[in-house]
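Colleague: Can you keep this structure in mind? I'll have questions shortly.
The values are calculated or read from the model by the stated rules, or taken from the named source; none is laboratory data. Only a predicted model underlies this, so the values are computations on that prediction, with no experimental measurement involved. A quick note on method: Cβ atoms are made from the backbone with ideal geometry, for glycine too, and the neighbour counts reach across all protein chains shown.
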């Protein structure tokens, strides 16, 4: 323990000596140039004292990013300075400032007969936050329906879901589940349609059955039944008006419409 | 199914015509005329008009001629043979003596008095048994028609005169049509033909806007077409109570197809409670108007038939199966049996049942598709549409004697001929056809003749003819 103390003291002494020596050594080559001679000092006549007639900030409260205007008017001053980076200014004037936080501007006016000091404070408030960026544009119900849902087709005077329509209807069902989840208040109208050949009255019943059997299929694969509204249009709303089988087939359909 | 032979057709028509003729005085005479195939021949020279009435002579003459011709009860003498100077009033007629003295040197076949003698009309080439004539005049701002009818085969003028009558109406085209219908009705009445004047045809038209259908009404001859409903939706399948006071129809005005009932007196809607179903449609009234039969998907799977009070309460099912059933129509005479359309045996056919739903039998043979049954006022015949012998969708109009199942085909493949219903006289049928391109409303005699289009604007369908 004693041994170590002794060692430390020795080291410190050595260091002190070294520093001293170095300091002495440096003095020689880097002699500072003599300071410029002071300006010839005029005989200072004792003038009147400086007076700051006004020093204002307008507005005194700004939202960050806005400007406030400092205005001043000073008499009898030999030198006027404003801090916060503004520096020397003339006896009257204005300056726009853009403080980012509450800032007090001090003006010092020096006069022969005495100095004057004044200060104004510009309060800076934080602007309200901008609205959050718009969410990525979401497809409308109508767009989703037309993009993801496909009509299905029936045989003449039949309302059973055809073998070749089952896969389509299953895809529709999956899409309905997603769409109805995304649009919680939406309902899907299941429209049953017929071709122009059957009787209008009978076709109301046939369209009703087409709508019902499609709805039943969708409910069985898990689409909520209370969100599927059946409606028969019989042959009142054909999509095609030619008198041939390809056109009739287009009309014998179940069509789906999303309603918010 | 029995094949349709000409004798069947004749018998059927005789029944249909006789049914109308029973209440009339000359009933036996008329049956004789119809079954014997002889008709009276009538000449109807144009009325001329004096003063402010002259501008309405064309519509008057056209209306009279049309009414008489379309009755099918009279043969129209060829106008081109009419003498040049027909009588306008009684004083214009000359007695038999004047006619009996042809001047020497005159062409023997030329009429003796240029139209002023009845023999000018009864003789060749016209051979008309009856002559109707008269004139129009303006009197005190009113239109007055002086109408006459003479039996040209009776030699003395007093005995030949069937009637002379005065008709009054407003000095307008409408007034001219009114007095014309009245005069024609009096002429036809002489032959035991009930007049259709004043009867109306309710129908469906899309002329109010593309994609919409509204209920319209017009006079029996196509005049005065006007819109009754204004839903800007699809309103269709009208039916009128037999007393003509209520209109029931199927409408999409509130989304799913529903029945609405309207008073034709006040034009206000009457309450009708629709069952909670995806579809309520094809309403029709019982003969007393107290109840409504209709089709509803209330049971869940398929459209079935129901009966309810005219307010919709007291609902009872009439059928219970998995087929599509629509268009229940109660026999207007018995009130006890119902004709309807069902797909229970395959493609849609016409069936009948008791009004309690029992005793269902198929009326049509099972060939093709059959629909739109409408009862004749006699309760023994229906008119309907059928595709028998044609591809699906090519409907023709048929009449069936329900008891014997014998049928007569009235149209033969000219487009789609649909929704036939009877005129109140039981002798005319109104129906829709697209034979000229767009679907329009036509009338015809129950034998398929005298076909005439009543509409041309937009498309028009589902006519119902009521008193």
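Colleague: Output the residue which, of all residues in segment B:254-274 that are more than 16 Å from residue A:210 (Cα to Cα) and within 13 Å of chain A (Cβ to nearest Cβ), is surrounded by the fewest Cβ atoms within 10 Å (Cβ to Cβ).
Modeller: Looking at residues that are more than 16 Å from residue A:210 (Cα to Cα) and within 13 Å of chain A (Cβ to nearest Cβ), I get B:254.
Colleague: Here is a further query. If you check residue B:313 against the conditions, is it closer than 25 Å to residue B:235 by Cβ, within 12 Å of chain A (Cβ to nearest Cβ) and not in a strand (DSSP E or B)?
Modeller: Details: closer than 25 Å to residue B:235 by Cβ: yes; within 12 Å of chain A (Cβ to nearest Cβ): no; not in a strand (DSSP E or B): yes.
No; evaluated as a whole, the condition is false for this residue.
Colleague: Any residue in segment B:239-252 that is within 14 Å of chain A (Cβ to nearest Cβ), crowded, with 23+ Cβ neighbours inside 10 Å, modelled with pLDDT of 95 or more and within 18 Å of the chain's Cα centre (by Cα)?
Modeller: Within segment B:239-252, one or more residues are within 14 Å of chain A (Cβ to nearest Cβ), crowded, with 23+ Cβ neighbours inside 10 Å, modelled with pLDDT of 95 or more and within 18 Å of the chain's Cα centre (by Cα).
Colleague: Now, a different point. Please pick out the residue among A:100, A:69 that is assigned to a strand (DSSP E or B), more than 14 Å from chain B (Cβ to nearest Cβ) and more than 30 Å from residue A:195 (Cβ to Cβ).
Modeller: Every option except A:69 fails the conditions.
Colleague: Let me ask something additional. Would you check if residue B:446 is farther than 23 Å from residue A:243 by Cβ and modelled with pLDDT under 95?
Modeller: Judged against the criteria, residue B:446 is a match.
Colleague: Does segment B:365-391 hold any residues that are in contact with a helix residue (DSSP H, G or I) (Cβ under 9 Å, 6 or more places away or on another chain) and either within 13 Å of residue B:407 (Cα to Cα) or at the interface with chain A (Cβ under 10 Å from one of its Cβ atoms) (or both), and which are they?
Modeller: If the condition is that a residue be in contact with a helix residue (DSSP H, G or I) (Cβ under 9 Å, 6 or more places away or on another chain) and either within 13 Å of residue B:407 (Cα to Cα) or at the interface with chain A (Cβ under 10 Å from one of its Cβ atoms) (or both), then B:369, B:371, B:372, B:380, B:381 are the ones that fit.
Colleague: What tally of residues in segment B:278-304 results from selecting those that are out of contact with any helix residue (DSSP H, G or I) (no Cβ under 8 Å at 6 or more places or on another chain), in contact (Cβ under 8 Å) with a residue 40 or more places away in the chain and within 13 Å of residue B:251 (Cα to Cα)?
Modeller: Result for segment B:278-304: 1.
Yes/no per residue for (1) farther than 27 Å from residue A:156 by Cα; (2) at pLDDT 95 or above:
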position	(1), (2)
B:384	no, yes
B:387	no, yes
B:390	no, no
B:409	no, no
B:413	no, no
B:429	yes, yes
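Colleague: Then there is this: Got a sec? Which of B:308, B:339 is within 16 Å of residue B:403 (Cβ to Cβ) and part of a strand (DSSP E or B)?
Modeller: B:339
Colleague: Only one residue in B:197, B:176 is crowded, with 21+ Cβ neighbours inside 10 Å, farther than 19 Å from residue B:420 by Cβ and in contact with a helix residue (DSSP H, G or I) (Cβ under 8 Å, 6 or more places away or on another chain). Which one?
Modeller: After applying the criteria, what remains is B:176.
Quick grid of which residues meet (1) in a loop (DSSP other than H, G, I, E, B); (2) closer than 26 Å to residue A:202 by Cα; (3) in contact with a strand residue (DSSP E or B) (Cβ under 9 Å, 6 or more places away or on another chain):
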position: B:188; (1), (2), (3): no, no, yes
position: B:194; (1), (2), (3): yes, no, no
position: B:197; (1), (2), (3): yes, no, yes
position: B:204; (1), (2), (3): no, yes, yes
position: B:208; (1), (2), (3): yes, yes, yes
position: B:211; (1), (2), (3): yes, yes, yes
position: B:216; (1), (2), (3): no, yes, yes
position: B:242; (1), (2), (3): yes, yes, yes
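Colleague: Give the residues of segment B:203-230 that are surrounded by fewer than 23 Cβ atoms within 10 Å (Cβ to Cβ) and either within 23 Å of residue B:173 (Cα to Cα) or in contact with a helix residue (DSSP H, G or I) (Cβ under 7 Å, 6 or more places away or on another chain) (or both), sorted by residue number.
Modeller: Of everything in segment B:203-230, those that are surrounded by fewer than 23 Cβ atoms within 10 Å (Cβ to Cβ) and either within 23 Å of residue B:173 (Cα to Cα) or in contact with a helix residue (DSSP H, G or I) (Cβ under 7 Å, 6 or more places away or on another chain) (or both) turn out to be B:217, B:218, B:219, B:221, B:222, B:223, B:224, B:225, B:226, B:227, B:228.
Colleague: Right, residue B:343: farther than 27 Å from residue B:466 by Cα, modelled with pLDDT of 95 or more and crowded, with 18+ Cβ neighbours inside 10 Å or not? Quick ask: steps written out before the conclusion?
Modeller: Numbers: farther than 27 Å from residue B:466 by Cα: yes; modelled with pLDDT of 95 or more: yes; crowded, with 18+ Cβ neighbours inside 10 Å: yes.
The answer is yes for residue B:343.
Colleague: So if I check each of B:362, B:352, B:322, B:344, which one is within 14 Å of chain A (Cβ to nearest Cβ) and more than 18 Å from residue B:280 (Cα to Cα)?
Modeller: Criteria check complete, one pass: B:344.
Colleague: Right, something else. Which numbered condition in (1) part of a strand (DSSP E or B); (2) closer than 20 Å to residue A:66 by Cα; (3) at pLDDT below 90 is the only one that residue A:88 fails?
Modeller: (2)
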